[in-house]
Amino acid sequence: MHTERTPLITVLGHTAAGKTGFAARLAHRLNGEILSADSRQVYRGMNIGTGKDLQDYVVDGNPVPHHLIDVVDAGTEYNVYRFKNDFLRAYTDIRQRGKVPVLCGGSGLYLEAILRDYSMLHVPVDEALRADLESRSYEELKSLLALYGPLHNTTDTVNRKRLVRAIEIAMHQGSQETEDRKPAELDSLVLGIRFERMNRRDRITRRLEQRLKEGLVEEVEALHRQGISHEKLEYYGLEYRFVSRYLARILTYEEMVSGLNTAIHQFAKRQMTYFRGMERRGIDIVWLRGENPPEDTLERAVDLSRVLLARSGSVI
RNA sequence: GGUGCCAUAGCUCAGUUGGUAGAGCACAGGACUGAAAAUCCUGGUGUCCCUGGUUCGAUUCCUGGUGGCACCA
């Protein structure tokens, strides 16, 4: 049995780099389809705040098919495990139809889960276990997790919630054989779009102003009216967190805008740190300057993609 | 115009009984496998408003400016 290498083109970059429009144009040229790698855009009804620019998927009047957007209801939970499963299903589907898969997004963990093929088993919530762990102290939970060997995830011990989940996963893995699936190895091209720091900040600030004009506050208000609590809105992204605090009168309008702007700048910086980390862990990223003429950048990306597709025997 | 108070990091402010200074936020770097736009770690970036004086030494005390705030006219 030979190991087949299947192609995957990835477009990543910090927020407000114009990834979506770029990936859509690239996919359009390559007869491809987009797989979103955005941990926020999976939620239905969260549009302005997650930057779900659906019009960007239309290139010269032609809609480019996209996946992994609007896959769950707002207010429910989603995570990297579910993302990986959803990705594999969509990816297989795209390949079977002979299309070129283009992964596009800025959620570093989600991207890396695909590009480095994280192994993740299905581990259901164990209510009995959780109830049992409820009474344990933080230190007790920590030593309990330590019984299962070295930490798989170094951020497992940052709080109780993560500790409990880590123990749940560790116990589950101990109780069953390690998964022996052999995923098709990816033949990967990773393109990264980045702007210089000052330009990145300008773009973020301008886009935030734009989103406020488009009705960001009203969107969050509507979600809250539908029954998503302020407490929950804290976890659906920066826009929802800050606007929710404004609606709850914890922040003034001015504090909300400036605080949100700052938080997005910090997030973009963290994204870049994550991407550098991915490079250190062995993922090659071809960086494209956002400041360059878009046509030149697109042609370069098309050329690089064709080399990859020819190598993997795909016809375009 | 008079009197009083204030002036220290990008911002808000501590502090130095005279030995050139430190918090929060901002900012920078890093970590990252089931909430990842999450969570966490590290780092002080400075004409201490200007001028003259006292002093071995002044951001600190004193003189005179400048700017701000308050009160009185």
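The values are calculated or read from the model by the stated rules, or taken from the named source; none is laboratory data. Source: prediction; values computed, not measured. All Cβ positions, glycine included, derive from the backbone under ideal geometry; neighbour counts span all protein chains shown. Ligands, DNA and RNA are excluded from the accessible area calculation, which covers all protein heavy atoms including side chains. Shrake-Rupley method; radii C 1.70, N 1.55, O 1.52, S 1.80 Å.
Considering region A:117-156, the residues that are of a type in the set (A, V, I, L, M, F, W, C) and under 30 Å from residue A:8 (Cβ atoms) include one that is least open to solvent (accessible area, probe 1.4 Å), namely A:123.
Looking at residue A:90, is it small (Gly, Ala, Ser) and either closer than 23 Å to residue A:284 by Cβ or in contact with a Gly (Cβ under 8 Å, 6 or more places away or on another chain) (or both)? Answer is no for this residue. Among the residues of region A:227-257 satisfying the criterion of being touching a residue at least 12 places away in the same chain (Cβ under 8 Å), more than 9 Å from RNA strand B (Cβ to nearest atom) and not in a helix (DSSP H, G or I), which is most open to solvent (accessible area, probe 1.4 Å)? Here the residue is A:227.
When residues in region A:41-65 are screened for being in a strand (DSSP E or B), open to solvent by 20 Å² or more (accessible area, probe 1.4 Å) and within 15 Å of RNA strand B (Cβ to nearest atom), 1 of them pass.
Answer yes or no as to whether residue A:260 is within 14 Å of RNA strand B (Cβ to nearest atom), in contact with a Leu (Cβ under 9 Å, 6 or more places away or on another chain) and under 27 Å from residue A:112 (Cα atoms).
Values: within 14 Å of RNA strand B (Cβ to nearest atom): yes; in contact with a Leu (Cβ under 9 Å, 6 or more places away or on another chain): yes; under 27 Å from residue A:112 (Cα atoms): yes.
Taking the combined requirement at face value, the residue satisfies it.
Checking the conditions here, which among A:260, A:288, A:304 is part of a helix (DSSP H, G or I) and open to solvent by less than 20 Å² (accessible area, probe 1.4 Å)? Quick ask: steps written out before the conclusion?
Numbers: A:288 fails: part of a helix (DSSP H, G or I); A:304 fails: open to solvent by less than 20 Å² (accessible area, probe 1.4 Å).
Residue meeting the stated conditions: A:260.
Just name the residue that is farthest from the chain's Cα centre (by Cα) out of those in region A:26-40 that are open to solvent by 20 Å² or more (accessible area, probe 1.4 Å) and of a type in the set (D, E, K, R). Within region A:26-40, the match that is farthest from the chain's Cα centre (by Cα) is A:29. For region A:103-117, the criterion of being of a type in the set (A, V, I, L, M, F, W, C) and farther than 26 Å from residue A:191 by Cα is met by no residue.
Taking the options A:206, A:211, name whichever one is crowded, with 16+ Cβ neighbours inside 10 Å and of a type outside the set (A, V, I, L, M, F, W, C). Let's see the steps before the verdict.
Numbers: A:206 fails: crowded, with 16+ Cβ neighbours inside 10 Å.
One residue alone meets the criteria, A:211.
Does region A:31-40 contain at least one residue that is closer than 30 Å to residue A:242 by Cα, within 12 Å of RNA strand B (Cβ to nearest atom), not in a strand (DSSP E or B) and not small (Gly, Ala, Ser)?
yes
Out of all the residues in region A:70-80, is one or more under 15 Å from the mean Cα position of the chain (by Cα), surrounded by fewer than 23 Cβ atoms within 10 Å (Cβ to Cβ), more than 13 Å from RNA strand B (Cβ to nearest atom) and closer than 30 Å to residue A:123 by Cβ? Outline the logic, then answer.
Narrowing region A:70-80 to residues under 15 Å from the mean Cα position of the chain (by Cα): A:70-72, A:77-80.
When the remaining residues are screened for being surrounded by fewer than 23 Cβ atoms within 10 Å (Cβ to Cβ), the result is A:70-72, A:77-80.
Of the ones still in play, those that are also more than 13 Å from RNA strand B (Cβ to nearest atom) are A:70.
Cutting the leftovers down to closer than 30 Å to residue A:123 by Cβ gives us A:70.
Taking every residue of region A:70-80 in turn, at least one turns out to be under 15 Å from the mean Cα position of the chain (by Cα), surrounded by fewer than 23 Cβ atoms within 10 Å (Cβ to Cβ), more than 13 Å from RNA strand B (Cβ to nearest atom) and closer than 30 Å to residue A:123 by Cβ.
Residues of region A:9-22 that are outside any loop (DSSP other than H, G, I, E, B) and either charged (D, E, K, R) or under 15 Å from the mean Cα position of the chain (by Cα) (or both): A:10, A:11, A:12, A:13, A:19, A:20.
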